[in-house]
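To keep things clear, I will list the structure first and then write my remarks on it.
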Amino acid sequence: TQVKTGGFDGNAQRSSLFLQIRVAFDKKQWDKVLNLTEKYKKEYSGSPNSNAAQSYRDDTIRKIIQDRIDSKGPLSAIPLLTGENIRLITPQLRSTLVSFFVAKSLPEAATKIIQASPEDEKDALRHVFSQSFSSTLPPPQVLASLNKNLTDYSGELGEIQILLAEKKWVEAGLKIEKLKPGEDRINALMTLLMRPMQPYEIPLRLKEAGDWLQKCSETNPIKEPLAILVADLHMQTNNPKDALALYPTKPQRENLGWVSLMRATAMIRLGQNKEAKELLDENASVPEFKLNRQALTKQLNFAGSSM
């Protein structure tokens, strides 16, 4: 436990309240600590013990989250993972939770953690995200949408985020259509289109995403995640020709690893082995999905040597 250095500062009521915070913390009365520190912040902001009181509050939030995870598992902690609370937990726990939520097919929860994390952690967390994703799911468009946190917005965009969180897909789609074209609309749209689906729903999702791609007026690179999603869905419906036509030949950096892998896969299915190998060799140093591309390269080399 972090040692707090605050003490009595001459104001009896203020000092008494601070003492109550210390006692409640020592007794692990977490709800009481939160209530008392909130009161202290409102009534004595800027006082000598303000930082110490805030430190008690931060430590309490960390302990509540960790206790919930230890006793009931990470899924039970989702309601506690607000933007503020995510920033308070340790970097290791943020990384662990991202990996866990992706493995449990909860990309929205993992994305929320990445969005709220410090800037200097985001690249590493995106890497954890990509490495944890099942190979049957299309991650690049999710990775590309991590630059904006829709929960920071109010008004129409904030209402859409609430609808998406409540899984009111139809209502969210109607509001997204009325949004001003731009990155915010594409980010909201990607959240809508990345909602969970059963394998038999893939053709319907392809039509839905394809229709959005046709009517959205945004241009690249803003529109790139949507094009990649539609291409991924074409691959899942065994249509490599249309997929290859949609995958960008010069994708954004965060999509380069996945797109080069999928373009090469589509080329192989179309019998374009030479072009596929050249593409894989060209992007050999890109870190994302490197192992997948190396495995594909080995397959091509083996096929070439056996001909």
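The values are calculated or read from the model by the stated rules, or taken from the named source; none is laboratory data. Just so it is clear, the structure is predicted and the values come from calculations on it, not from any experiment. Quick reminder, even Gly has a Cβ in these numbers, built from the backbone with ideal geometry, and neighbours come from all protein chains shown. Remember, those area values only see protein heavy atoms, side chains included, never the ligands or the DNA or RNA. Shrake-Rupley method; radii C 1.70, N 1.55, O 1.52, S 1.80 Å.
Say we look at segment 177-189 and pick out the residues that are modelled with pLDDT of 90 or more and among the hydrophobic types (A, V, I, L, M, F, W, C); which of these is surrounded by the fewest Cβ atoms within 10 Å (Cβ to Cβ)?
My answer is Ile186.
If I ask for residues that are more than 20 Å from Glu84 (Cα to Cα), touching a Ser or Thr at 6+ places or on another chain (Cβ under 8 Å) and among the polar types (S, T, N, Q), which ones from segment 6-48 would you list?
Asn11
Going through Lys207, Lys167 one at a time, which residue ends up being modelled with pLDDT of 80 or more, assigned to a loop (DSSP other than H, G, I, E, B) and open to solvent by 80 Å² or more (accessible area, probe 1.4 Å)? Quick ask: steps written out before the conclusion?
Numbers: Lys207 fails: assigned to a loop (DSSP other than H, G, I, E, B).
When all the criteria are applied, what remains is Lys167.
Here is a yes/no grid of residues against (1) open to solvent by 50 Å² or more (accessible area, probe 1.4 Å); (2) modelled with pLDDT of 70 or more; (3) assigned to a helix (DSSP H, G or I):
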residue	(1), (2), (3)
Gln92	yes, yes, yes
Thr96	yes, yes, yes
Phe100	yes, yes, yes
Leu125	no, yes, yes
Val128	no, yes, yes
Ser134	yes, no, no
Val142	no, no, yes
Asn147	yes, no, no
Leu174	yes, yes, yes
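Can you list the helices (runs of 4 or more DSSP H) lying wholly within segment 231-307 that have 3 or more residues being under 28 Å from Leu125 (Cβ atoms) and of a type in the set (A, V, I, L, M)?
Passing ranges, in order: 253-269, 290-305.
Among (1) open to solvent by 30 Å² or more (accessible area, probe 1.4 Å); (2) out of contact with any Ser or Thr (no Cβ under 7 Å at 6 or more places or on another chain); (3) not β-branched (Val, Ile, Thr), where does Glu288 come up short?
(2)
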